[in-house]
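The block underneath contains the structure these notes are about, expressed in C-alpha cells.
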Amino acid sequence: MATRAEFLERIRREVAKTPGLFGASPTPRPAQPGAAAETIRRELAERWPQALERFREEFERVAGVFHRAPSLDAVPSIIAAIARERGARRVVSWDPAALGFDPAPALARDGLTVAVARSGQEDEKSRERHREEAAQAELGVTGADFVLAETGTLILLSGSGRPRSTSLLPDVHVAVFGRERLLETLEQVGVALEALHVDPDRAMSGAMITFITGPSRTADIELTLTRGVHGPKEVHAVFVEAP
C-alpha cells in the first residue's frame, strides 16, 4: 500500500503531464470593487467582440452550442427550433423580469408548454412546484449574469425568479445573454462579484453561484464518460446582438 507521500507525489506527476490552459496565481481583492468593475465595463465596451469570439471558441470546445440572435424578439424562435430538434414539448424558464423578455407567448404559439418561475413566490410550496416542473421539462431557459470568455463558462446567480433547478434539471439548458455580460478573465469575474456583494441595491439575493462549462460530464473509475448524470446533456448559449 502506498504511503500518503507516495500517493500525493503520484498525483503531482500525473497532473504535471497536462499543463493548464493558462497560469494561475492569487489576486488581491480590490479596495473599491465598484470602481474596479466600472473600469472593466468601460474597457469591454471596446473589446467585447474579441471577448465574444474567445467565448464562442472555448464554449464550443467543451461541446456547447452557440447561437446568435439579432434582437430579443428573435430569441423565442431559436428556443422553439432547439425544442423541435430535440422533440421537447415542455419548457421551464426564469421570470421574464430576470430574463429581460418573456418567451412564453411565442413558445406557446409553437405548441410548447411553458412553466415560469415567478419573482415573489418563494414559499416552500412554490419552490417545490417549480422543481417538479423543471424535472419534467425537457428544456430550461435562463439568462446569464456573467459570461467568462477564457473558459467558455456561463455564470448564474440564484435568487428571486431565477431558481437553480431551471438550469440544472432539464436535459437541455438554453442561456440568453448580451454583450454587457461578457468578461474576459476569472479575475474580472471576482471583481464583478465583489461589486455585487458590497452594493446593497444590487446585492445577490440567492445563496448560490453556478459556473457552467459545457454539458454535465461524469466519469467512473474506468474513465467512461457519461453526459447528463448531474445536469443537462446539452448547453446552448444565445448571444443577443442588439445592445
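The values are calculated or read from the model by the stated rules, or taken from the named source; none is laboratory data. Note that the structure is predicted; figures quoted are calculated from it, not measured. Positions of Cβ are backbone-derived with ideal geometry, glycine not excepted, and every protein chain shown enters the neighbour counts.
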**Study point:** Tally, over segment 43-63, of residues that are free of Cβ contacts under 8 Å to residues at least 24 places away in the same chain and touching a Ser or Thr at 6+ places or on another chain (Cβ under 6 Å)
**Key:** 0
Check your understanding: Any residue in segment 139-149 that is touching a helix residue (DSSP H, G or I) at 6+ places or on another chain (Cβ under 8 Å) and in a helix (DSSP H, G or I)?
Key -> no
Practice item. With the checklist (1) of a type in the set (Gly, Ala, Ser); (2) touching a residue at least 40 places away in the same chain (Cβ under 8 Å); (3) in contact with a strand residue (DSSP E or B) (Cβ under 9 Å, 6 or more places away or on another chain); (4) closer than 15 Å to residue 173 by Cα in hand, flag the one item residue 71 doesn't pass. Key: (4)
Point to revise | Flag if residue 142 is over 30 Å from residue 188 (Cα atoms), among the hydroxyl-bearing types (Ser, Thr, Tyr) and modelled with pLDDT of 95 or more | key: no
Practice item. Only residues that are surrounded by fewer than 20 Cβ atoms within 10 Å (Cβ to Cβ) and in contact (Cβ under 8 Å) with a residue 40 or more places away in the chain: list them for segment 122-142, please. Key: 136, 138
Exercise for review: Please find, within segment 184-243, the residue that is farthest from residue 29 (Cα to Cα) out of those that are modelled with pLDDT of 80 or more and among the hydroxyl-bearing types (Ser, Thr, Tyr).
Suggested key: 213
Exercise for review: Check 81, 45 and return the single one that is part of a helix (DSSP H, G or I) and over 21 Å from residue 146 (Cα atoms).
Suggested key: 81
Review point. Does segment 85-118 hold any residues that are of a type in the set (Lys, Arg) and either part of a loop (DSSP other than H, G, I, E, B) or free of Cβ contacts under 8 Å to residues at least 24 places away in the same chain (or both), and which are they?
Key: 89, 109, 118
Practice item. Read through the list (1) polar (S, T, N, Q); (2) surrounded by fewer than 19 Cβ atoms within 10 Å (Cβ to Cβ); (3) at pLDDT 90 or above, then give the number of the only condition that residue 166 fails. Key: (2)
